[in-house]
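One structure is given here, and the rest of the page talks about it.
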Amino acid sequence: MTTIGIIGGGQLGRMLAMSAARLNFRTIVLEPQPDCPAAQVANEQIVAAYDDEKALDALAAACDIVTYEFENVPVAAAERLAQARPVFPPPKALEAAQDRLVEKRFLNDSGIVTARFHAVDSQADLEAALADFDGSGVLKTRRLGYDGKGQRVFRSGQDSPQGAFAALGSVPLILESFVPFEREISIIAARAADGTVACYDPAENVHRNGILHTSTVPAAIGPATAETARVAAKAILDALGYVGVIGVEFFVLADGSLVANEMAPRVHNSGHWTEAACIVSQFDQHIRAVAGLPLGNPVRHSDCVMQNLIGDDIAEVPGWLAKDNVFVHLYGKTEARPGRKMGHITRLT
Ligand code: AMP
């Protein structure tokens, strides 16, 4: 039986392992946290750091294919594995996604519009960059930011940059121009090794406290906007020679044009709705792609809203279970810390 190695043991790895099992694949999860969400449903777990060379070699020896569930997998680890086994998506997708400056340049080189940006490596850089954007912009750490962490917003004439470089840790930063968006959407797309691309319908995303709250499908966008998102996703996938599922987030402007925000070389929270509203979910699609199976039709059979269950929202589960047309998915996390993703529901509408 073919074995798929999964680097990372969170809920995305858990859902990938469940899809893999349905298609007769075994899974081994590499994750330092014992009894992590993915290990609870996988065949095996290697409990070790992502850059532990002995553990990586053991994973390669035990697997036929390797994939990952988060974008901060050390590139050196992915490359070490890639010398022994196929690693999908390709490690260069990690390089493109781990650093916001590299990511923006890659997107622009692929013909995709992003916010304007400046690299910020000092307080003086920040002040010069803000002056270029009339005092407004969003300052972000280049690496390791997620769910709105490591960010600061500046509004013209209101926010002083004083001390901001040090406050974000004196690490490499990027200042993006402030995008006056009407809504946020994302598209989940897959590419097979033969170059076939399949795109799900774009979802409209609402964030709360920097964390995804809901994804609604269909998004309130016109067909031309949806087509722009599909074209951008395909350009990214082709440029990377990609195999697997990707998530790309965009801002939608008043005229319907799109500004790309970021991409995640993995299954994505804003694609969880595909489990309930499509025959082939993003998790099934990813496993099909990395295993060399034909991609499924990404067609959507229902309109829906996916809602994350964050922290204490887990207490709402009995209420959701009592409703019709609600798909409930919990992640096996015992402690409901504030801001922690405990599960999600998808309500067919
Ligand atoms: P990110 O971590 O890049 O996904 O940013 C988190 C959230 O901050 C986004 O979902 C937006 O709501 C907001 N945001 C990020 N970048 C910008 C920008 N350049 N202009 C306006 N809003 C932004």
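Have a look at Q162, Q158, Q151 and point out the one that is surrounded by fewer than 17 Cβ atoms within 10 Å (Cβ to Cβ), closer than 19 Å to N209 by Cβ and outside the structural domain of G339 (by TED's automatic domain parsing).
Q151
Do any strands (runs of 3 or more DSSP E) entirely within segment 1-58 hold 3 or more residues that are touching a residue at least 24 places away in the same chain (Cβ under 8 Å) and surrounded by 15 or more Cβ atoms within 10 Å (Cβ to Cβ), and if so, which?
Working: elements: 3-7, 26-30, 44-46.
In segment 1-58, 3-7, 26-30 are the strands (runs of 3 or more DSSP E) which contain 3 or more residues that are touching a residue at least 24 places away in the same chain (Cβ under 8 Å) and surrounded by 15 or more Cβ atoms within 10 Å (Cβ to Cβ).
Could you say whether any residue in segment 52-61 is assigned by TED's automatic domain parsing to the domain that holds A17 and under 21 Å from the mean Cα position of the chain (by Cα)?
Within segment 52-61, none of the residues are assigned by TED's automatic domain parsing to the domain that holds A17 and under 21 Å from the mean Cα position of the chain (by Cα).
From the list V29, V87, which one is hydrophobic (A, V, I, L, M, F, W, C), touching a Ser or Thr at 6+ places or on another chain (Cβ under 8 Å) and modelled with pLDDT of 95 or more? Quick ask: steps written out before the conclusion?
Numbers: V29 fails: touching a Ser or Thr at 6+ places or on another chain (Cβ under 8 Å).
None of the other options fit; the residue is V87.
If you take the residues in segment 167-195 that are among the small types (G, A, S) and open to solvent by less than 20 Å² (accessible area, probe 1.4 Å), which one is nearest to the ligand (Cβ to nearest atom)?
Filtering segment 167-195 for residues that are among the small types (G, A, S) and open to solvent by less than 20 Å² (accessible area, probe 1.4 Å), the one nearest to the ligand (Cβ to nearest atom) comes out as S186.
Can you pull out the residues in segment 303-349 that are under 20 Å from Q11 (Cα atoms), outside any strand (DSSP E or B) and among the hydroxyl-bearing types (S, T, Y)?
Selection gives Y331, T334.
Within the group P338, P318, P294, which residue is without any contact (Cβ under 8 Å) to a residue 40 or more places away in the chain and more than 22 Å from the chain's Cα centre (by Cα)?
Going through P338, P318, P294 in turn, just one is without any contact (Cβ under 8 Å) to a residue 40 or more places away in the chain and more than 22 Å from the chain's Cα centre (by Cα): P318.
Pairs please, first residue from segment 165-190 and more than 13 Å from G137 (Cα to Cα) and of a type outside the set (A, V, I, L, M), second anywhere and assigned to a strand (DSSP E or B) and open to solvent by 60 Å² or more (accessible area, probe 1.4 Å), Cβ atoms under 9 Å, 6+ apart in sequence or on different chains.
Hits for this filter: P172/R143; R183/V206; E184/V206; E184/H207.
The values are calculated or read from the model by the stated rules, or taken from the named source; none is laboratory data. Bear in mind that the values here come from a model prediction, so they are computed numbers and not experimental data. Cβ coordinates were reconstructed from backbone atoms using ideal geometry, including for glycine residues, and neighbour counts include every protein chain displayed. The accessibility values were calculated without ligands, DNA or RNA, using every heavy atom of the protein model including side chains. Shrake-Rupley method; radii C 1.70, N 1.55, O 1.52, S 1.80 Å.
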